[in-house]
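K.L.:
Before anything else, here's the structure in question.
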Amino acid sequence: MPVRNICCIGAGYVGGPTCSVIAYKCHDIKVTIVDLNQARIDAWNSDNLPIYEPGLDEIVFERRGKNLFFTTDVDGAIQEADLIFVSVNTPTKKSGMGAGMAADLAYVEGATRRIAEVAKSSKIVVEKSTVPCRTAQSMRTILEANSTPGIHFDICSNPEFLAEGTAIKDLLNPDRVLIGALQTPEGIAAQKALAEVYTHWVPADRVITTNLWSSELSKLAANALLAQRISSINALSAICEATGADVDEVAYACGRDSRIGSKFLKASVGFGGSCFQKDILNLVYLSEQLHLPEVAAYWKQVVIMNEYQKKRFVRHIISTLFNTITNKKIAVLGFAFKKDTGDTREAAAITLIKDFIQEHARVAVYDPKVDHEQIFRDLSEPGIVDNRKEVEKHVTICASAYEACHDADAVVLVTEWDEFKDTALD
Ligand SMILES: NC(=O)C1=CN([C@@H]2O[C@H](COP(=O)(O)OP(=O)(O)OC[C@H]3O[C@@H](n4cnc5c(N)ncnc54)[C@H](O)[C@@H]3O)[C@@H](O)[C@H]2O)C=CC1
Ligand SMILES: O=C(O)[C@H]1O[C@H](OP(=O)(O)OP(=O)(O)OC[C@H]2O[C@@H](n3ccc(=O)[nH]c3=O)[C@H](O)[C@@H]2O)[C@H](O)[C@@H](O)[C@@H]1O
């Protein structure tokens, strides 16, 4: 049976854009995106969408109210749907077993339990969130144990590979769509039904089907391999600085080898974003649980190198400014974790600025998209009394790059926003 009604649980950076694109490309499918967060849903229903992503507004504004809906009526949307994407957050656990490493699956479990409790007909449930390998097994156990008799659930894994800032481009023209399912007749039928949603616009040869566990692991593996390339080039950048080699030239020379390839070899102050670190730590935890300590140590080094790169950058600035930045003005251009997004999760700028504050510098920040309040929130460590005051004492948020750079002792270019390329400094 072709899919006619989709519900997406989680109206975040993945659920929002992904399911909006499905609605845009599949006019014969009704798509309802739900979230518990009323403010987020209100924003999706307004002129000011909660996420900045080039091309997103046009797509949402064209389909909203036709076959694309945003609501907090989670139960109603679950009941109507024949296919449900679970696209909720899976952050690193903050406490308990696996704290600081394992993925917190409480939101995935919460959404799965809700489906089991309220569904009145059989459904295909699709794991869209990034999860540890074999999570689909736990979801199946929950669904089977808690649902009404006679109702059947098929689970597919369909990890998302979009990158923020290019989400719409990535969704409209993906390198591949990955769909894993149990290799039973029902599992294969569910896999086919989901594949048919994507082949409304994605060439069939780009839709890859695998077993459930390969699909779940491929997502963690892809992010780990991408982050590993960045840590590799950043490690080489330290050697370049000590020898006079130029890391861009080294990256170019290596990238021209078609076996290596040129993408993801840009040396940086360290990767940020909500997923690379989280997903590698998730892989490290999985390796430890599987009693593979050497494998765990191998992947952990990618994160260790990333932290080293950020600290090395701060040390370099301080030593260049005669070993002290007390009372000196440091202009920080860019706060988001990369250009073309307002997302600041795990942004390198947060670590750098906190270090500058510790050194008693005056910091002037400018970012074209990040909300001022968000910057203060990110810089104020929770739980430390008066920390917010301390941050406000040291940090000024500016309305332009020129204002931030005026009379600065150092200009730190953290996020590669295009407008900085054209910013001429006196
Ligand atoms: N941000 C990104 O670029 C990418 C993220 N991912 C993965 O996708 C998943 C989602 O990530 P984001 O969209 O960035 O997270 P997000 O935090 O922006 O959005 C998740 C949303 O789910 C909602 N939610 C949580 N539990 C719920 C429930 N029981 N019922 C209804 N709504 C609920 C939250 O309120 C939140 O709005 C994560 O597993 C992440 O690792 C995968 C690829 C790219
Ligand atoms: O699972 C996810 O969340 C997503 O994670 C990344 O996407 P994203 O984090 O949005 O952005 P990237 O373009 O991968 O950049 C991540 C970080 O690496 C940095 N980076 C990237 C490329 C590079 O060559 N050098 C480098 O330092 C960026 O500046 C940024 O801080 C992956 O690219 C997506 O495929 C994946 O779906």
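K.L.:
Step by step: first the residues of the range 176-220, then only those that are out of contact with any helix residue (DSSP H, G or I) (no Cβ under 8 Å at 6 or more places or on another chain) and acidic (Asp, Glu), then the one that is farthest from ligand 2 (Cβ to nearest atom). Which residue is that?
P.N.:
So, considering only residues that are out of contact with any helix residue (DSSP H, G or I) (no Cβ under 8 Å at 6 or more places or on another chain) and acidic (Asp, Glu), the one farthest from ligand 2 (Cβ to nearest atom) is Glu186.
K.L.:
Can you find a residue in the range 299-313 that is crowded, with 19+ Cβ neighbours inside 10 Å, within 23 Å of the chain's Cα centre (by Cα) and among the hydroxyl-bearing types (Ser, Thr, Tyr)?
P.N.:
no
K.L.:
Right, something else. Which strands (runs of 3 or more DSSP E) does the range 317-426 wholly contain that include 2 or more residues that are out of contact with any Ser or Thr (no Cβ under 9 Å at 6 or more places or on another chain) and away from ligand 1 (no atom under 16 Å from the Cβ)? It would help to see each step written out before you state the result.
P.N.:
Numbers: elements: 329-333, 362-366, 395-397, 410-413.
The qualifying strands (runs of 3 or more DSSP E) are 329-333, 395-397, 410-413.
K.L.:
Please list, ordered by first then second residue, the pairs with beta carbon atoms under 7 Å, 6 or more apart or interchain, first in the range 161-174 and farther than 14 Å from Gly15 by Cα and in a loop (DSSP other than H, G, I, E, B), second among the hydroxyl-bearing types (Ser, Thr, Tyr) and at pLDDT below 95.
P.N.:
Close Cβ pairs satisfying both conditions: Gly165/Thr341.
K.L.:
Among the residues of the range 120-141, are any away from ligand 2 (no atom under 14 Å from the Cβ), of a type in the set (Val, Ile, Thr) and either surrounded by fewer than 22 Cβ atoms within 10 Å (Cβ to Cβ) or without any contact (Cβ under 8 Å) to a residue 60 or more places away in the chain (or both)?
P.N.:
Yes, there is a match, as at least one residue in the range 120-141 is away from ligand 2 (no atom under 14 Å from the Cβ), of a type in the set (Val, Ile, Thr) and either surrounded by fewer than 22 Cβ atoms within 10 Å (Cβ to Cβ) or without any contact (Cβ under 8 Å) to a residue 60 or more places away in the chain (or both).
K.L.:
Which of the numbered conditions does Ser274 fail, given that it passes all the others? Conditions: (1) hydroxyl-bearing (Ser, Thr, Tyr); (2) without any contact (Cβ under 8 Å) to a residue 40 or more places away in the chain; (3) closer than 21 Å to Asp343 by Cβ.
P.N.:
Every listed condition holds for Ser274 apart from (2).
K.L.:
Now for a different question. Pairs, please: C-beta under 8 Å, at least 6 apart or cross-chain, first residue farther than 12 Å from Ile155 by Cα and in contact (Cβ under 8 Å) with a residue 60 or more places away in the chain and in the range 189-201, second assigned to a helix (DSSP H, G or I) and of a type in the set (D, E, K, R)?
P.N.:
Note: pairs meeting the criteria are His200/Lys25; Trp201/Lys25.
K.L.:
Residues Val197, Val177: which one is within 16 Å of ligand 1 (Cβ to nearest atom) and either modelled with pLDDT of 95 or more or among the hydrophobic types (A, V, I, L, M, F, W, C) (or both)?
P.N.:
Working: Val197 fails: within 16 Å of ligand 1 (Cβ to nearest atom).
Criteria check complete, one pass: Val177.
The values are calculated or read from the model by the stated rules, or taken from the named source; none is laboratory data. This structure is a prediction, so every number in the text was calculated from the model and none was measured. All Cβ positions, even for glycine, are placed from backbone atoms using ideal geometry, and neighbour counts span all protein chains on display.
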